[in-house]
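Only one structure is covered here, and it is reproduced in the block below.
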Amino acid sequence: MKHTLRGDTVTVFLTGELDHHSAKDIRAELEALIANPRVKHLVLDLKGLTFMDSSGIGVVLGRYKTLSQRGGTVAVREPGPHVNQIFRLSGLYQIVEKLC
Amino acid sequence: MEKKINEMRIDFLAVEENTAFARAAVSAFLLPLNPSLEELEDVRTAVSEAVTNAMLHGYEGKGRGMVRLSAALYEGGRVEMEIVDCGVGIEDVEKAREPLYTSRPDMERSGMGFTVMETFMDALSVRSRPGFGTTVHMEKRLTGAS
């Protein structure tokens with residue numbers, strides 16, 4: 001999974017399909033990245049995501065729980081229309097910022 | 001009465017990998033109708049949710065049991081789909097359909113599956129009997145890119 005670390009912010013570029021099956025690997029990789037105590041903020045770049053169902057909500061919320069405990073944040077960048085609608089329905093944007 | 005123009009039915013094992021297979025199969029089946037990309041994504045998402053429910057809740061994530069996906073196309077672009085499992089069933093369908101309700105918070109499930117299906121489909125009905133499985137019926141009219 002391509003990512004960049006700048007200061008206390010890690011940006012991860014998600015690609016392909018995010019469903020319950022792929023969520024396991026994505027979750028494990030994200031957890032490994034934010035296990036670094038230096039990381040406070042996670043930005044998920046979703047431009048390369050070709051599909052996501054509601055499994056994606058859990059993946060984002062789970063990481064939010066981890067990072068918010070150390071005063072950090074999670075943001076999503078460039079969600080496609082469907083991904084955006086799924087996040088909106090779930091109320092995710094109340095705690096996760098959407099970056100353009 | 002709209003004339004049925006095509007119909008399909010596939011059975012697949014309730015292993016997670018087959019969720020992507022179910023999405024691909026339903027996409028391929030609908031392509032002759034020339035749906036818009038958005039419509040296709042609506043259907044793919046709803047099918048993904050229903051199949052995931054069948055695997056994780058119906059068959060409790062054990063990877064055993066078969067899921068049936070069937071679809072029928074009607075003149076005018078209406079599509080009917082059914083996702084059927086013979087798993088544990090749902091005790092309280094009304095509760096299961098509530099947004100954010102999940103029986104599996106331990107698996108980071110959000111409880112948004114049925115809400116997503118309702119949002120992307122024109123109609124959704126759920127029949128279930130504890131111990132006998134669940135049938136999710138969905139309908140959508142595809143107006144197409146043309």
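From Cα pairs below 8 angstrom and at least 6 apart in sequence, can you work out the relative contact order of chain A, rounded to a whole percent?
28
To the nearest 0.05, how large is the calculated FRET efficiency for A:LYS47 and A:GLU97 if R₀ is 25 Å and r is the Cβ-Cβ distance?
Working: r = 16 Å, r/R0 = 0.65.
After rounding to 0.05, the efficiency reads 0.95.
Which peptide among B:92-105, B:128-141, B:26-39 comes first, and what is the full order, when sorted by highest mean count of other Cβ atoms within 10 Å?
Numbers: B:92-105: 14.1, B:128-141: 17.6, B:26-39: 16.1.
The packing order, highest mean first, is B:128-141, B:26-39, B:92-105.
Which shape class, rounded, prolate or oblate, goes with the range B:77-146 when its Cα gyration tensor gives a ≥ b ≥ c as root eigenvalues, a/c under 1.5 marks rounded, and past that a/b bigger than b/c marks prolate? Before the final figure, lay out each step's value.
Details: a/c = 2.65, a/b = 1.56, b/c = 1.70.
The shape class here is oblate.
Rounded to whole Hz and in sequence order, give me ³J(HN,Hα) for the range A:39-44 from the Karplus expression 6.51 cos²θ - 1.76 cosθ + 1.60, θ = phi - 60°, writing x for Gly and Pro.
Each residue's phi maps through the Karplus curve to give 6, 10, 10, 10, 10, 9 Hz.
Determine the dipole magnitude for the protein assembly as shown: charges of +1 sit on the beta-carbon of Lys and Arg, -1 on that of Asp and Glu, nothing else is charged, the reference point is the Cα centre, and the result goes in debye to the nearest 20. Please list the in-between numbers first.
Values: 30 positive and 34 negative charges, 130 e Å.
So the dipole magnitude of the protein assembly as shown works out to roughly 620 debye.
If amide H atoms are built 1.01 Å from N in the plane of the peptide, which residues on other chains or at least 5 residues away come under 5 Å of the amide H of B:TYR101?
Those qualifying (amide H under 5 Å, at least 5 residues apart or on another chain) number zero.
With 10 angstrom as the radius, rank A:SER68, A:SER55, B:SER70 by how many other C-beta atoms surround their C-beta, starting from the fewest.
Final ranking by Cβ density, sparse to dense: A:SER68, B:SER70, A:SER55.
Does anything in the range B:113-146 have its amide N under 20 Å from the 7 Å Cα→Cβ label point of B:GLU75, and if so which residues?
Flagged as within label range: B:140-144, B:146.
For the range A:2-99, what is the charge dipole size about the Cα centre, in debye to the nearest 20, if Lys and Arg each add +1 at the Cβ and Asp and Glu each add -1 at the Cβ? Display every interim value, and only then the final one.
Working: 13 positive and 10 negative charges, 75 e Å.
Approximately 360 debye in magnitude.
With unit charges on the beta carbons (Lys and Arg positive, Asp and Glu negative) and the dipole taken about the Cα centre of the range B:4-141, which residue among B:SER70, B:PRO32, B:PHE120 sits farthest to the positive side?
The Cα lying farthest towards the positive end belongs to B:SER70.
Tell me, what is the percent relative contact order of chain B, built from C-alpha pairs under 8 Å that lie six or more residues apart?
29
Alpha carbon centre of the range A:27-100 versus the range B:112-137: separation in Å?
27
What number comes out for the charge environment of A:GLU17, summing +1 per Lys or Arg and -1 per Asp or Glu over other residues with Cβ under 11 Å away?
Values: positive: B:ARG23, B:ARG44; negative: A:ASP19, A:ASP53.
Net local charge, A:GLU17 excluded: 0.
Based on the Cβ-Cβ distance from B:THR143 to A:ASP25, what FRET efficiency comes out when R0 is 45 Å, to the nearest 0.05? Working shown, then result.
Details: r = 37 Å, r/R0 = 0.81.
The computed FRET efficiency comes out at 0.75.
Show that you can apply the helix-only estimate: for chain B, add -39,500 (n - 2.57) for every DSSP H stretch of four or more residues, divide by all residues, and state [θ] at 222 nm to the nearest 500.
Details: 4 runs with 43 residues, N = 146.
Calculated from helices alone, the mean residue ellipticity at 222 nm is -9000 deg cm²/dmol.
Here, each number is a calculation from the coordinates, and none is a lab measurement. None of the values given here were measured: they were computed from a predicted structure. All Cβ positions, even for glycine, are placed from backbone atoms using ideal geometry, and neighbour counts span all protein chains on display.
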